[in-house]
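A quick write-up on the structure given underneath.
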Amino acid sequence: MCGIGNQAGEIEDRISFATGQPGETLEQVIAYFKDKGVEAIGIGSFGPIDIDRKSPTYGFVTTTPKPGWSGYDFLGTLRRAIDVPFGWDTDVNSAAFGEAVWGAARGLDSCVYFTVGTGIGVGVYAEGKLVHGLVHPEGGHILMRRHPEDDFEGICPYHGDCLEGMSAGPAIEKRWGVPGSRLSESHPAWRLEAYYIGQAVAGTILLLSPKRIILGGGVMKQAHLLPLIREEVKRFLNGYVSANEVMAGIDSYIVPPGLGDNAGLSGALALGLEAARSK
Ligand code: ZN
């Protein structure tokens, strides 16, 4: 998805096309931006990616099962074609940033953004900055305490029963034989889903103490899931974190994206603005 926006965070134009081979995909990206006169470009990329500015492979996609993208110089290809400042981060960090600048975490100096869809990603914004480190957070693959009545082996090719392996959209489908969108609200799938997502959110609260948690992505379109997750978070924390936000105020602490499906695109816009400012 590509778009053009302004300093107020308004998206003025957008286009989307399927992600194919990297060369042909970026040709379409370049064609879109080439004559638009943009001042900067922000990129929120699927990962894992290299975000270490000192690395010789800064701007590359590192390891991915997406055909052709592993080891591809994503950022460099765009830079050679369009001479503007670039911001570069993961898609989930980008979404977290968009929510912090214009969305559900506006005015706060920290938030964590979970996307629960075909995979699970976790973007972390802390003390007014996106968190990077050795690489970037990969919270979708944290290890989970298994539900005592759950014998599903999980679907992550690396870990089996990590968070993504147990609760991403394809895990729901594999476990129950139908996609989540076809399961009724009263189906036991949702309690189990809330058990795993709630556990991950509780762990995140304990580890990072973010001021807001935002849950987005395709699976979270099941609006009835959010209250179940809040319940599980409280159950896992069991009163240990004595902040009103996770007690009486949990409905305004664990929230859907304020920017809806625009979180990623808005975040990329915010990354672009930041790149323009720091030029
Ligand atoms: Zn995993």
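The values are calculated or read from the model by the stated rules, or taken from the named source; none is laboratory data. On a predicted model such as this, the values are computed, not experimentally measured, just so you know. Cβ sites come from the backbone with ideal geometry, for glycine too, and all protein chains shown count toward neighbours.
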Please determine whether any residue of segment 211-233 is within 16 Å of the ligand (Cβ to nearest atom), in a loop (DSSP other than H, G, I, E, B) and either more than 20 Å from the chain's Cα centre (by Cα) or farther than 27 Å from residue 103 by Cβ (or both). no
For segment 168-186, which residues satisfy the criterion of being away from the ligand (no atom under 16 Å from the Cβ) and either closer than 16 Å to residue 139 by Cβ or surrounded by 16 or more Cβ atoms within 10 Å (Cβ to Cβ) (or both)? 173, 176, 180, 183
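This table checks each residue for (1) under 20 Å from residue 41 (Cα atoms); (2) among the aromatic types (Phe, Trp, Tyr); (3) assigned to a loop (DSSP other than H, G, I, E, B).
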| residue | (1), (2), (3) |
| --- | --- |
| 79 | yes, no, no |
| 88 | yes, yes, no |
| 108 | no, no, yes |
| 114 | no, yes, no |
| 145 | no, no, yes |
| 171 | no, no, no |
| 189 | no, no, no |
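Please work out if residue 279 is surrounded by fewer than 16 Cβ atoms within 10 Å (Cβ to Cβ) and in contact (Cβ under 8 Å) with a residue 24 or more places away in the chain.
Details: surrounded by fewer than 16 Cβ atoms within 10 Å (Cβ to Cβ): yes; in contact (Cβ under 8 Å) with a residue 24 or more places away in the chain: yes.
Yes.
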State the number of residues belonging to segment 154-174 that are farther than 14 Å from residue 118 by Cα and either over 22 Å from the mean Cα position of the chain (by Cα) or among the aromatic types (Phe, Trp, Tyr) (or both). 1
Would you mind finding the one in 140, 165 that is closer than 20 Å to residue 49 by Cβ and crowded, with 19+ Cβ neighbours inside 10 Å? 140
Matching option when the condition is among the β-branched types (Val, Ile, Thr) and under 25 Å from residue 7 (Cα atoms), among 214, 229, 254: 214
Could you tell me which numbered condition residue 151 fails, if it satisfies all but one of (1) more than 15 Å from the ligand (Cβ to nearest atom); (2) acidic (Asp, Glu); (3) under 16 Å from residue 115 (Cα atoms)? (3)
Search segment 46-60 for residues being out of contact with any Lys or Arg (no Cβ under 9 Å at 6 or more places or on another chain) and over 14 Å from residue 138 (Cβ atoms), and hand back the single one that is surrounded by the most Cβ atoms within 10 Å (Cβ to Cβ). 60
Name the single residue that is nearest to the chain's Cα centre (by Cα) among those in segment 234-261 being within 19 Å of residue 108 (Cα to Cα) and assigned to a helix (DSSP H, G or I). 260
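Being modelled with pLDDT under 95 and surrounded by 18 or more Cβ atoms within 10 Å (Cβ to Cβ) narrows it down to one residue among 246, 233; which is it? First the steps, then the outcome.
Numbers: 233 fails: modelled with pLDDT under 95.
Just a single option satisfies the conditions, and that option is 246.
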